[in-house]
């Protein structure tokens, strides 16, 4: 447990940041899930549209420190490949 005043403050800050990060991660996952659902339904137009909306959300999570840049790029790439394969 935190003892010094600075460590107590750090613990409070960490709690607040954790809540914010949780909300951002959840929002990003919601966008990804919408792409997944469109893919599973077989609707290529809806999947492409969902991907178009999800891509900036995934990259925003990089700038906010939720995901690593390469992890986000890999997610976007794999989703884009699946959307493209659906149309072929």
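Just so you know, all these numbers are worked out from the coordinates, no wet-lab data involved. All of these numbers come straight from a predicted model, not from anything done at the bench. No Cβ is skipped: glycine too gets one built from the backbone with ideal geometry, and neighbour counts run over all protein chains shown.
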- Task: Describe numerically, in nm with one decimal, the distance between label points set 7 Å from Cα along Cα→Cβ at residue 46 and at residue 63.
- Result: 3.0 nm
- Give me the angle, in degrees from 0 to 90, between the Cα long axis of helix 5-41 and the longest principal axis of the Cα atoms of the chain, rounded to the nearest 10. 10 degrees
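Over the chain, what relative contact order in percent results from Cα pairs under 8 Å that are six or more residues apart? It would help to have the intermediate numbers written out before the result.
Working: 55 pairs, mean separation 23.1, N = 88.
Reported relative contact order: 26 percent.
Would you calculate a helix-derived [θ] at 222 nm for the chain, using -39,500 (n - 2.57) for each DSSP H run of n ≥ 4 and dividing by the full residue count, to the nearest 500? Provide the component values of the computation, followed by the final result.
On the way: 3 runs with 76 residues, N = 88.
Value at 222 nm, helices only: -30500 deg cm²/dmol.
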- Work out how much length residue 1 to residue 53 would gain on full extension: take 0.36 nm times their residue separation and subtract the Cα-Cα distance, in nm to one decimal. 14.5 nm
